[in-house]
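Here's the structure we're looking at; comments come further down.
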Amino acid sequence: MADNLIQKKGESTWYVRLAVPADVRAAMGGKTVLIRSLKTGLRSEAMERRLTVLAEWKASIAQARGKRATRGDTWKDPIATIAQGMAQATRKLKTDVALGEADDQTTFAAEEIQALYEGLFDDSPDGRLRREKADRVYAMTGIEGELANVEFAKEMALEVMAKVITVTQELNSSEQAEAHLILNDPKAHKPKSPITDARLKAFREFRESRGGAAKHIDTQCVRIKALSKFLKDGELPLDFDTVDKWLKSLNRAPNTLSQYLMAGTAFWKWATKYDAGWRVDFKDKANPFLGHDLPQGGGSELAGQERQIYTRADALKLHQAALDNRDKPLADLITLGWYTGARIEELCRLTKESVITVDGIRCFDFPKSKSKASKRVVPIHPSLLPSIDRMIEESADTYLITIKSDGPYGKRSHAISKAFGRLRTAAGFSRLHVFHSFRHTVVTELIRADVPDALAKELVGHETGSVTHDVYSKGASTKQKLDAISKLPAIPTSS
């Protein structure tokens, strides 16, 4: 029957016939086969007419499969919740009965059960078995009878729920069996996170299509994936209380926790707008990432504490530790950090061409990086000049700091930043001492040397906040900047 045509016995009319795939039979009204008369006895006409009918049926099957694919396994979670509630209520009721504390309305007579669950006690084999069991339960007396009555009422309630769920969720035969299993044993279902790999992939692609920065997108996806794992491991729903528990488990500073919430909100907004299945599952649900009161100065043991500056002795200790590790590039980076207060990525991007001469003074030409103020020309500290000459001479790729390869997102500082972190820890410094601390050190030393605030900010690439200075002023002269930078304490390092 490759052409899907049949003729019924004793008839000349042709019919089109199609077997309904098992996975969509529930959605197709429980039918296993679709048959329709083509109202013609001519096979040639039937061959032509069947195409329209087959196309209609196949479209319906595809639509049913689409609904199922969108729905996924989300139907299992509410079933498990219902089953858990029913089990708890049943246990409490049995306890009340055993203690003699149950009122007369907490048990049911067999006739009442039959009336309440009409259709479960028909003439089918299952219906007859239920009637027989109801009669046995009704005949039982005393506490034993009352307990049996409660248990039987629960069984019938679960049967009704199974039927309702089968219809509303369009479950196929295997799913119906699973629904019965979950209703009778809620622990048989372990809730899965609604933040699936497929959804996370779609979210990433959406963010990339909107021109989001690669690092920012990656960070958000990592944080959302961490939440998904938290949901799976704890078998928890995605709601406000769960997000609150997740935040408390992270051991992060308040600002970092805020960024986790921002990542969650970004995903939530995308899903509620672009994911059809999510819109159904979380219809009328509030964004669980909003309204959280983050700890003040809490979250991690270092939260709320300011980064520590490096002293001259600290810089010498770190520099020597790098040399002891035979890591000359890292030692040079530490020296540059002490004498410039520049950001680590700025220093890693310095090349031979970055060393320029202005007004007869050798300077670093820092290009724009983080802000408009980050583009600046900074005189080289006199004590640093011998090291700069050596770096220029030894450079094999024009960069002053030799790095084997760029890190993710094209950041040259990625690997050496990790190396500095390991060095810092091995040298006994806390996590409050980061490479960025050299920036704090330089600003502090300049202020203590009575360098004007605006000039100090100009040297490290900070906006002053003053319209007069940031908009109208051309800044200090090269000589003024050299005088200021020269006030930084020198550290003896081998060139």
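Quick rundown of the values:
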quantity	calculated
Separation of the T13 and Y409 label points, Cα + 7 Å toward Cβ, nm	7.0
Calculated SAXS-style log₁₀ I(q)/I(0) at q = 0.09, 0.10, 0.14 Å⁻¹ - the chain, Debye, Cα scatterers	-0.84, -0.93, -1.35
Additional length obtainable on full extension of the chain from T425 to V377, 0.36 nm per residue less Cα span	14.0 nm
Dimensions (Å) - segment 197-281, Cα atoms, principal axes, largest first	33, 30, 17
Alpha carbon convex hull of segment 166-241, volume per residue in cubic angstrom	137
Cα centroid separation, segment 208-283 to segment 17-61 (Å)	45
Helical contribution to [θ] at 222 nm, DSSP H n ≥ 4, -39,500 (n - 2.57), averaged over the chain, rounded to 500	-17500 deg cm²/dmol
Cα principal axis extents for segment 229-356, largest first, Å	60, 35, 25
Net charge over other residues, Cβ less than 15 angstrom from the Cβ of A162 (K, R count +1; D, E count -1)	-3
Hz values of 3J(HN,Hα) by residue in segment 423-432 - Karplus curve (6.51, -1.76, 1.60), Gly and Pro given as x	4, 4, 5, 5, 7, x, 8, 7, 5, 6
Over segment 197-281, relative contact order from alpha-carbon pairs under 8 Å, at least 6 apart, %	30
Local electrostatic count at T311 - Lys and Arg +1, Asp and Glu -1, tallied over other residues with Cβ under 15 Å	+4
Rg(Cα)/(2.2 N^0.38 Å) for segment 312-485, N = residue count	1.02
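We did not get these values from a lab; they are worked out from the coordinates using the rules stated. Everything numeric here is computed off the predicted structure, so don't read it as measured data. Positions of Cβ are backbone-derived with ideal geometry, glycine not excepted, and every protein chain shown enters the neighbour counts.
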